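Peer 1: The structure's right below; bear with me while I get my questions together.
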Ligand code: SF4
């Protein structure tokens, strides 16, 4: 007799648990009051190898630190910045050792090491800084007009945490030995005034994504003034605040002044009929803890319409059906976060080991269907350079041998206003070369050799 076939994924409710931070030698005496203090979390962020050693004591072998140092010297596009809250979600269920720390999904993107990377093809030949060309589409400093009715407002270039795969590695964070970062030059107040002036002059723009960096690093009074300014523009109908800190530093969003300020902003948005939402960035179920859920519910209680997730799909982190569904059920069922998008990791330098090919993303989208409520089933999207977000099944042509997919668009961006061909052009997106058949990999080696 054959055993009855089960479902490919078996759902089981998993209540959230705050991992015990005292399992880390450096935090043995840290109290709950310290842990829940945003200020303690910020002061105790891990910014370098020395501070990581202090927290980890003798849990990790020297090989790990040498591997990390090699990455920071030669490959990292982001500097290190990890709030204790995030570090505490690595190997959450026991005291870490070298092997479990190496294998941890959150570690893999927050503390990348040299041996994680694909050393044959660390970068795709078409990878670039600012791979989405956001700066090319700046209409004022930090204001990207890339879609007809929407703008992205980058208020600042810092975050409370720096993620190894950051798409905005060109601008965000401190310079690293491999990347000299761009700098915003205007004073914040002048930059913000320029954004408001553009929105007032362009009533066709109805949707503003307020981002960075991470808005949790904007001093609250400045952020509130900016948001109230947006809400005073009658043509702005959607405001979305982007903050990974809701997961990485939920303590920030639980501070009294921030909660009271968010309530004022949410009430004003409701009175004016504006959809105010918060977008966060969670990539793995282990990052969801009761404190994250508390911060989310607090935002919803003060009147924010919705909290949604925009995760990034990455090999070694979450690019399996089970990992994505575990995360989506955790967000939807336990943390009050709508699973909204998973972006394919962008074609930035040294990110090949994280990126997945389009066919793999299509397969994952297929396999996610039918488990979650329809409105909470995330879309997996590819942000195609010069095109914008496309659902992964929307490609026009796909050359699997060379890993090149072709995409079209249905609107002009701010740099194509006068381009008659803009809507008929095919735009290319490239799969990671190590995922191609041998013939495709040979073809790319030849391309690089011929150009080189
Ligand atoms: S929080 Fe967002 S903007 Fe900041 S480093 Fe991470 S991915 Fe980049």
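The values are calculated or read from the model by the stated rules, or taken from the named source; none is laboratory data. Every value quoted in this text rests on a predicted model; they were computed, and no experiment measured them. So basically every Cβ, Gly included, is an ideal-geometry build from the backbone, and we count neighbours across all protein chains shown.
Peer 1: Take residue 371 and tell me if it is within 30 Å of residue 330 (Cβ to Cβ), touching a residue at least 24 places away in the same chain (Cβ under 8 Å), outside any strand (DSSP E or B) and out of contact with any strand residue (DSSP E or B) (no Cβ under 9 Å at 6 or more places or on another chain). Please lay out each step first, then the result.
Peer 2: Working: within 30 Å of residue 330 (Cβ to Cβ): yes; touching a residue at least 24 places away in the same chain (Cβ under 8 Å): yes; outside any strand (DSSP E or B): yes; out of contact with any strand residue (DSSP E or B) (no Cβ under 9 Å at 6 or more places or on another chain): yes.
Yes, satisfied.
Peer 1: Please specify each residue of segment 203-212 satisfying the condition of being part of a loop (DSSP other than H, G, I, E, B) and either closer than 26 Å to residue 182 by Cα or modelled with pLDDT under 95 (or both).
Peer 2: The one that is part of a loop (DSSP other than H, G, I, E, B) and either closer than 26 Å to residue 182 by Cα or modelled with pLDDT under 95 (or both): 212.
Peer 1: From 94, 129, grab the single residue that is surrounded by fewer than 17 Cβ atoms within 10 Å (Cβ to Cβ), at pLDDT below 95 and not assigned by TED's automatic domain parsing to the domain that holds residue 251. Full working, then the answer.
Peer 2: Values: 94 fails: at pLDDT below 95.
Answer to the check: 129.
Peer 1: Quick check on this structure: which one of 391, 359, 354 is under 19 Å from the mean Cα position of the chain (by Cα) and surrounded by fewer than 19 Cβ atoms within 10 Å (Cβ to Cβ)? Show your work before the answer.
Peer 2: Numbers: 359 fails: under 19 Å from the mean Cα position of the chain (by Cα); 354 fails: surrounded by fewer than 19 Cβ atoms within 10 Å (Cβ to Cβ).
Exactly one of 391, 359, 354 is under 19 Å from the mean Cα position of the chain (by Cα) and surrounded by fewer than 19 Cβ atoms within 10 Å (Cβ to Cβ), namely 391.
Peer 1: For segment 97-113, which residues satisfy the criterion of being assigned to a loop (DSSP other than H, G, I, E, B) and crowded, with 22+ Cβ neighbours inside 10 Å? First the steps, then the outcome.
Peer 2: Going through segment 97-113, the residues assigned to a loop (DSSP other than H, G, I, E, B) turn out to be 97, 104, 111-113.
111, 112, 113 - these are the residues of segment 97-113 that are assigned to a loop (DSSP other than H, G, I, E, B) and crowded, with 22+ Cβ neighbours inside 10 Å.
Peer 1: For segment 150-170, state whether one or more residues are farther than 27 Å from residue 80 by Cβ, outside any strand (DSSP E or B) and either touching a strand residue (DSSP E or B) at 6+ places or on another chain (Cβ under 8 Å) or more than 13 Å from the ligand (Cβ to nearest atom) (or both).
Peer 2: Taking every residue of segment 150-170 in turn, none turns out to be farther than 27 Å from residue 80 by Cβ, outside any strand (DSSP E or B) and either touching a strand residue (DSSP E or B) at 6+ places or on another chain (Cβ under 8 Å) or more than 13 Å from the ligand (Cβ to nearest atom) (or both).
Peer 1: Here is a further query. Across segment 134-149, what is the total count of residues that are in contact (Cβ under 8 Å) with a residue 12 or more places away in the chain and touching a strand residue (DSSP E or B) at 6+ places or on another chain (Cβ under 8 Å)?
Peer 2: Of the residues in that region, 10 qualify.
Peer 1: Would you call residue 180 modelled with pLDDT under 95, within 18 Å of the chain's Cα centre (by Cα) and either over 23 Å from residue 84 (Cα atoms) or outside any loop (DSSP other than H, G, I, E, B) (or both)?
Peer 2: no
Peer 1: Conditions first: (1) under 30 Å from residue 114 (Cα atoms); (2) modelled with pLDDT of 95 or more. Residue 347 passes all but one, so which condition is the exception?
Peer 2: (2)
Peer 1: When the residues of segment 306-340 are narrowed to those that are within 16 Å of the ligand (Cβ to nearest atom) and in a strand (DSSP E or B), which ends up surrounded by the most Cβ atoms within 10 Å (Cβ to Cβ)?
Peer 2: Of everything passing the filter in segment 306-340, 313 is surrounded by the most Cβ atoms within 10 Å (Cβ to Cβ).
Peer 1: Please go through segment 416-452 and give me each residue that is assigned to a loop (DSSP other than H, G, I, E, B) and within 15 Å of residue 122 (Cβ to Cβ), ordered by number.
Peer 2: 432, the sole residue that qualifies.
Peer 1: Give the residue, chosen from 381, 392, that is touching a residue at least 24 places away in the same chain (Cβ under 8 Å), closer than 29 Å to residue 338 by Cβ and assigned by TED's automatic domain parsing to the domain that holds residue 315.
Peer 2: 381
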